[in-house]
Amino acid sequence: FGMSATVDIHNLQSQLKNKHAILTGIVLQFLVLPLLGFFVVNALKLNHPMGVTLLVVTSSPGGSYSNWWCSLFNADLALSVCMTAISTLLSTIMLPLNLLIYATYSFDDEVVHSLDWKGLFTALVIVISAILLGLLSSAKRSTPEFNIFANKLGNISGILLVMFSMILTSSDSESDLWGREWVFYIGVAAPCILGLLIANIVTTGFSLDKPERITISIECCYQNVGIATSVALTMFENDELAEALGVPLYYGMVEAFILSIYCVGAWKAGWTKAPVDEEFWTMIAKTYEVSKEEDGSCGTEMIGENNAGTAIKSYDAQVSDAEDQKNNNGAPRESASAYTLFS
């Protein structure tokens, strides 16, 4: 709710027309990552508690958690919310379809029939409802103050949810997360790492805007481990349950660690909407998604000042200036969107 309520409804409408980025993200989410999970399960011969749970993980888009990462590190949040809404709707078909196909070709029929389809659809309905409520609130109260409040609410809720999930999943001492064979650690981590790498290669090859590359890469590899945890609790018991529960827990740790390094590196490389010379904690605490009117005196979008008092332009404004210089026509191009800091 908080992340979707942060997004200006006009920016979201603009992103709905961004078919290239959305289609790229959908292909990576629903074709590439589930296929990576399938390859890992069969290449490493994972047993059915670990294998089925990993297939569920790689078939479950990240939901609101991916929005939180994009908001926290100032990627393209409007695109993230748009992709989450579309991918969650598509998940009602693609998640069970991917799971059915890959589980059928990896395990026997008894394993496939024991899957918790009700739990899968319940989780999807909750995510869809939260997104729609947040977008409706943003449309009804379209003010920067409300958007910033919703962003802070979403960030705090995201942190609390991550902590709660880790405590809940690790509360079972039988899971013995750090005493397993090497195939567990390599197998569970591989789809996340390879998915992030492939997403960056594909989005860079398609010349998408840099904040869009970050968003799509996060959406590709960040999965909803809560769905997998629910499936594991329904399907398995005793030792098999302990094996299965370790998969979403470890995958969640891997994706959090890998994405933290990736997002900080992307920020310092100038790929995000935040200025590279901003203080780290300031960059984390503030949102550059909320727009304000352009500065009429200079015709460019300003998002604040650096320590020397020099105005810092938004990512879109910098891209616009570069294209203006390249075209050398003397007339500034209207920016595609107004992602600026309101303070």
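The values are calculated or read from the model by the stated rules, or taken from the named source; none is laboratory data. This is a predicted model, so every value here is computed, not measured. All Cβ positions, glycine included, derive from the backbone under ideal geometry; neighbour counts span all protein chains shown. Only protein heavy atoms, including side chains, enter the accessible area calculation; ligands, DNA and RNA are left aside. Shrake-Rupley method; radii C 1.70, N 1.55, O 1.52, S 1.80 Å.
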Which one of these does I261 not meet: (1) in contact with a Phe, Trp or Tyr (Cβ under 7 Å, 6 or more places away or on another chain); (2) without any contact (Cβ under 8 Å) to a residue 24 or more places away in the chain; (3) among the aliphatic types (A, V, I, L, M)? (1)
So D209, is it open to solvent by 20 Å² or more (accessible area, probe 1.4 Å), among the charged types (D, E, K, R) and modelled with pLDDT of 70 or more: yes
Cβ-Cβ under 6 Å pairs, at least 6 apart or on other chains, segment 106-117 side closer than 17 Å to A244 by Cα, far side loosely packed, with under 13 Cβ neighbours inside 10 Å: V112/T104
Only residues that are open to solvent by 10 Å² or more (accessible area, probe 1.4 Å), in a helix (DSSP H, G or I), of a type in the set (S, T, Y) and closer than 17 Å to T58 by Cα: list them for segment 212-245, please. T229, S230
Does any residue of segment 172-192 turn out to be modelled with pLDDT of 75 or more, open to solvent by less than 80 Å² (accessible area, probe 1.4 Å) and touching a Cys at 6+ places or on another chain (Cβ under 8 Å)? yes
Quick one: is F146 aromatic (F, W, Y), surrounded by 15 or more Cβ atoms within 10 Å (Cβ to Cβ) and either at positive phi or at pLDDT 75 or above (or both)? no
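Residues that are open to solvent by less than 20 Å² (accessible area, probe 1.4 Å) and at pLDDT below 90, at least 2 per element: which helices (runs of 4 or more DSSP H) completely within segment 8-50 meet that?
9-16
I'd like to check something: does segment 76-98 contain any residue that is farther than 21 Å from L28 by Cβ, open to solvent by less than 40 Å² (accessible area, probe 1.4 Å) and touching a Lys or Arg at 6+ places or on another chain (Cβ under 9 Å)? Reasoning before the result, please.
Here is the first cut: in segment 76-98, the ones farther than 21 Å from L28 by Cβ are none.
No, the conditions are met nowhere in segment 76-98.
Going by the structure shown, is G154 at pLDDT below 70, in a helix (DSSP H, G or I) and within 20 Å of E255 (Cβ to Cβ)?
So G154 passes the test.
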Quick check on S60: is it crowded, with 21+ Cβ neighbours inside 10 Å and over 20 Å from F236 (Cα atoms)? no
